[in-house]
Structures are given as C-alpha cells and as structure tokens.
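Just so it is clear, none of the values below were taken in a lab; they were calculated from the coordinates. Quantities reported herein were computed from a predicted structural model and do not represent experimental measurements. In this analysis, Cβ positions are derived from the backbone assuming ideal geometry, glycine residues included, and neighbour counts consider all displayed protein chains.
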Number of protein chains: 2
Amino acid sequence: MPSFADRLTSAVREKRSPLMVGLDPRLDQLPVSLRPPLEASAAERADAFCEFCRGVIDAVADFTPIVKPQVAFFEELGPAGMVALGAVIEEAHRAGLLVCVDGKRNDIGTTAQAYANGWLGEQSPWRGDALTVSPYLGDDSLEPFTKLAAERDAGVFVLVKTSNPGGALWQDLEAEGKTLYRRVGEYVETIAASTVGASGYGVAGAVVGATYPQQLAELRAAMPHTWFLIPGFGAQGGAAADVAAGFDAQGLGAVVNSSRGVIFAYEKNPQPDWRDAVREAARSACEQLRAATSAGQL
Amino acid sequence: MPSFADRLTSAVREKRSPLMVGLDPRLDQLPVSLRPPLEASAAERADAFCEFCRGVIDAVADFTPIVKPQVAFFEELGPAGMVALGAVIEEAHRAGLLVCVDGKRNDIGTTAQAYANGWLGEQSPWRGDALTVSPYLGDDSLEPFTKLAAERDAGVFVLVKTSNPGGALWQDLEAEGKTLYRRVGEYVETIAASTVGASGYGVAGAVVGATYPQQLAELRAAMPHTWFLIPGFGAQGGAAADVAAGFDAQGLGAVVNSSRGVIFAYEKNPQPDWRDAVREAARSACEQLRAATSAGQL
C-alpha cells in the first residue's frame, strides 16, 4: 500500500479539495429528527451519533478526501460511544474516505506503543489512517507512533502550534532563541524528511492552527516534508486567506479542518433534508479554500 | 461528597498506604490460566482483561487506596476493550477503591469539556474519580477539567515532569531562567491552592516521575497544595528512597504508582494461585514505601 502521505496526496488531488471535515457530534446540536429524547440510554445516544455521522459522511464525500472523528465526543457517551466511533470509522472507509482519528493521544514506552497498535493502520482494531498525538512527553514518546505508522502506511499528526489562545502560554516560550513549537516542529520535520515517499512528504505531520497565519508561514518554510493539519478554520475564526500560507506551491501539504461550520450547517441554513445543508456547506468550504489558496490549481 | 483530595487523603490514611496500583493488562503477560488463544476475538480478549483486573483488584485492595487503569491497553483492543474498561472501573468501585483513569487526555474548548464530562465524577459515564491530563495545549485547555473536577468532587493530575528519559527534551527547556515543567507546575499549584479542602490539598494534582528525585523535591517545595502522582517506581527504576521527597511531613501528598511490578508479580514468583503473588507484591511495595518515606507514620 502507498504511504499515508502518498494516499493523502492522491485523495486531495482526486477530490481537488484540501478540506478535512471534523466529525464532532454533539447531542444538543443534532438535527431534530435524530435527536434522542432526554431520557435516552447511552446506547440510543450512540446510535443517534452513528446515524448523524453516516449522513454527514454521505453528504461531504464528494468534497473532502479525509474526515476527522473527534474521539472526545464519542468518549463522552461512555463505552457505547466508543462502539459508535468504531462504526463511524467503518462508515467513512466504506465511503472511500481517509480517516484521521483526533485523539491527541500519548504516553511513554510500551504504553505509547499500545495506543499506536490500537489506532494506526488497517490491521489495527480501530483502523485509523492517521492519529493526532501530543508531544509534551518528549521524543521517545512520539517514536512508537511514527515507527509503527511507517510500518503500516499510516500517519501521525503531532501538535505543534495549536489554534486556541492559551496554546501560546507554553508553546511560544523561547529557550536559547527558539520557541517550543519551533523545536517540536523541527523534530517532526526530521522524522518526516527521513520517511519521504513519492509525494515528497513523510510519515509525520503537524497540527498548526489557522488562527496564527504568521507562524503557519514560518513553519511551512521550516517543514517542507511535513503535511499540516490546520484546525481553526470557520467556527474558530480562521478565514480561507489565513490558511493559504500552509500550502506548498503545488497546492498540497495541508488539509484544512472544518467541523461545526460544515456538520451543523442546517442550524443556519434550514432545509427539508438536513444533509442538503451539510453538503452545501462542504461544497462552499471547499470552493473557498480553492479560491484563496494554491489548492485552486489542483 | 468530600473533594477528591480529601477522599484520597482519607483513603491513604485508612489503608496506611500511599501505593497506587496501575492496571495495565497485556495479553502476553496474563496468567496462563487467563490467556486467551491466539485466535480469540476482541471480545474474548477483553473478557480476559476484565477477569485479570478483577483478580488484581481483589488481591491489592487491602494495600492500596487507589488504582490507575491505563486506558491505552484497553483501547488497544478496540471498542470491546473500552467496554471492558468500563467494567473494570465498576469493579474497582465495588471493592471500595478510588479510580484514577490514566488517559493523558486533552484538547481545546468544548472538546476538552467533552473529555471532562465523560471521565470525571460519579455522574459521568466512565465514573473516574480522577483523570490524568496533558498540558501542551495551554492553560485554557486545562480549565474545563479543573473546573468540572471541582464541581464534581473529582481530581485531575496534570503531567508536569514525566518519568521517561525523553521527557526532559522539552520539559526541561529554560525560558527566562525557569524550566517548562516548573512553569506548568506553578500553574497547577495556583489551581490547587485556590481549591483547597479540609486536607490542605486542592483539585489539581501533578504527575512527577520517581526517576528524577531532585526535581521531585524541588516541586514538592514549590507545590504545597498539590497531590503528586509519582510513576516510575519499580519496573521503571525508581526506588522507594527516590520517592521520599514527594511526601509532606504528615506522610501525605503523594501516591506512588507501581504497575508491572505488582500486577505481573507471578512471573517472578510463581504461585498455585497467581493472585497470591500479586497480593504479596502489593503488600511488599506498600511496606517498602512505609519504610522509606514519611508515609510510615500514617
């Protein structure tokens, strides 16, 4: 199988879209027709999440190469939610989409290895094509993920510069003239550069927020072999123009995530079938990204 | 209900033990009688984990106030493993033990809130008394956890100085004369100090590795209202003397985790009933900690 970076490259080209759709189901924002009653059991709530995500996946599949289920919202329902997450990942594969599991996992040694075993690749129980991971525990905590990802043609997106205001508190600390996020970025780029495939990108990716366009440009220049996952577009305030600096000259190297702005689009644009609003929002987000970034030439 | 810090204080006093037992089931280290065949389904493997953890919980309950299930090993089995984790947490409560879920979770905004909702407190689906969280995403990512923990009488242990060699790579970076781990520690202490209960400890705790005794002493002095979760004792090389600096003068303020050294004790000490070896290892770890630390006076 081609590497994750190569498969992502092909999928972005095929759909002509760098849009990543975040699957962030929330009970109080489900379409009314799917919303379970207040007294519903965890299993009934989890079923509603499944049905919602299935509808979203079908509606966005033409406009996105990759979806990003947010584990937190499934975990919030307890064990039944995790069973639903497994079903949603299957559903996305069935629709021909890549799946980046947003778990921001990490731990040390054999525990990190267990997370990697669980999430990465089609041989794993969860069958993620990629997983987001957190770097606080250091380089030896990231290694089990990037090594297994390379073996299984999967990908890893490491948090580098996050989109929230508080992210700067520690990520922007400068030691010997270099910020923490820049150091983490350099480590990620080293791994990416040593695992480059046909696409020119490697096994390690980076999460870099849309809300910091200047740092996005700085990191793009410093990390030429690293796919970026750019959150913060849409509901969090990042505009299409803000993410332009995350792309390479070929319109590749970045996927831009939108969650709430796409999946809950029926709240602002009611339609007889809620999925039509979702489809329309995905199409519009995709077109905005094509118009404002080098992805327009794909 | 008393706060988590107060309940932990009472439980440590009652058991006269600062030992925390990590529930880290691994298929290839289960007692032979519980080991599922290679072709076993995920559900059968998950059942074996449940039975193993039930045996461990019964064996260690006299010697430990709190257990720490490691989510990674359950997640590694896929959805069936998460169902087993839910059952194991129930089992620990049934045995009268506190449960610190080791998930090292985090995310931003409402996503962090979803993790907090899911894991913290007896109202939550997973019913954790406490959860470990990772700080890379900044102060605003930790706030949903500490706020909800305060509301629900639950606890949060933030990674400050981890036990692995690579942890130093970024945690020890010095900016303006202060290390990153010290800065994270100061933030945690601020939250702890503002939420102090009868025990003198607050809602925020810190993970500080046994493998860095000097930093443990430094942080104990700097964080007088913060419970420490000290990993790295036993299999990771930390000795009982190394953790002594983590305790306060009353023998409180720290729980010392041992996972492999206790739960897989039958590997080095075979017994007709594997649980006897686990019981003996928990008793021995507890006695070592009493002998080498201020916990001896409890």
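State, to one decimal in nm², a quarter of the convex hull surface area for the C-alpha atoms of chain A, i.e. the direction-averaged projected area.
Values: hull surface 58.0 nm².
Convex hull of Cα atoms, orientation-averaged projection: 14.5 nm².
Whole percent per 5 Å bin, from 0 to the bin with the longest distance: what is P(r) over all C-alpha pairs of segment A:125-174?
Once binned at 5 Å, the Cα pair distances of segment A:125-174 give 5, 17, 25, 21, 15, 10, 6, 1, 0.
Dipole of chain B (Lys/Arg Cβ +1, Asp/Glu Cβ -1, origin at the Cα centre): which of B:GLN297, B:PRO165, B:VAL99 lies farthest to the positive side?
Of the candidates, B:GLN297 comes out farthest on the positive side.
What 222 nm value per residue comes from the helices of chain A, counting each DSSP H run with n ≥ 4 as -39,500 (n - 2.57) and dividing by all residues, nearest 500 deg cm²/dmol?
The helix contribution divided over chain A gives -13500 deg cm²/dmol.
Could you list the GluC sites (Glu not before Pro) in segment B:175-241 that lie in coil according to DSSP, counting only those with at most 14 other Cβ atoms within 10 Å of their Cβ?
Here the GluC sites (Glu not before Pro) that fit, given the DSSP loop and packing criteria, are B:GLU176.
About the Cα centre of chain B, how large is the charge dipole given +1 on each Lys and Arg Cβ and -1 on each Asp and Glu Cβ? Please answer in debye to the nearest 20.
Dipole about the Cα centre, nearest 20: 480 debye.
Give, as a single signed number, the net charge of other residues whose beta carbon lies under 13 Å from the beta carbon of B:ALA204, with Lys and Arg counted +1 and Asp and Glu -1.
Cβ neighbours under 13 Å give a net charge of -3.
Determine ³J(HN,Hα), in whole Hz, for all residues of segment A:119-136 in sequence, where each value follows from phi through the Karplus function 6.51 cos²θ - 1.76 cosθ + 1.60 and θ = phi - 60°; x replaces Gly and Pro.
9, 9, x, 6, 7, 7, x, 8, 6, x, 7, 8, 9, 8, 9, 10, x, 4
Could you tell me which of rounded, prolate or oblate describes the protein assembly as shown, using a ≥ b ≥ c as the square roots of the eigenvalues of the alpha-carbon gyration tensor, with rounded for a/c under 1.5 and, failing that, prolate when a/b is larger than b/c and oblate otherwise?
Note, shape of the protein assembly as shown comes out prolate.
Given contacts defined as C-alpha pairs under 8 Å and at least six residues apart, what's the relative contact order of chain B, whole-number percent?
Here the relative contact order equals 19 percent.
Output wanted: per-residue J couplings in Hz (rounded whole) for segment A:202-209, from phi through Karplus 6.51 cos²θ - 1.76 cosθ + 1.60, θ = phi - 60°, x for Gly and Pro.
Whole-Hz 3J(HN,Hα) from phi for segment A:202-209: x, 6, 9, x, 9, 8, 9, x.
Name the aspartates and glutamates eligible as straight-distance cross-link partners of A:LYS15: C-alpha to C-alpha under 12 Å, and not fewer than 8 places from it in the same chain.
A:ASP62, A:GLU287
What aspartates and glutamates could a cross-link reach from B:LYS161, if we take a straight Cα to Cα line under 15 Å and drop same-chain neighbours fewer than 8 places away?
Cross-link targets: A:ASP107, A:ASP139, A:ASP140, B:ASP172, B:GLU174, B:GLU186, B:GLU189, B:GLU218, B:ASP242.
Let me check the size of segment A:226-298 from its C-alpha atoms; what are the radius of gyration and Dmax in Å?
12.9, 42
Rounded to whole Hz and in sequence order, give me ³J(HN,Hα) for segment B:282-298 from the Karplus expression 6.51 cos²θ - 1.76 cosθ + 1.60, θ = phi - 60°, writing x for Gly and Pro.
For segment B:282-298, the Karplus curve yields 5, 4, 5, 4, 4, 5, 4, 5, 4, 6, 9, 10, 5, 5, x, 8, 4 Hz.
Please report Rg over Rh for segment A:1-93, where both radii come from the alpha carbon positions and Rh follows the Kirkwood definition. Before the final figure, lay out each step's value.
Working: Rg = 14.5 Å, Rh = 14.0 Å.
Taking Rg over the Kirkwood Rh, I get 1.04.
Sequence-distant or interchain residues sharing an amide H contact under 5 Å with B:VAL160, placed H: which?
Long-range HN contacts for B:VAL160: B:VAL207.
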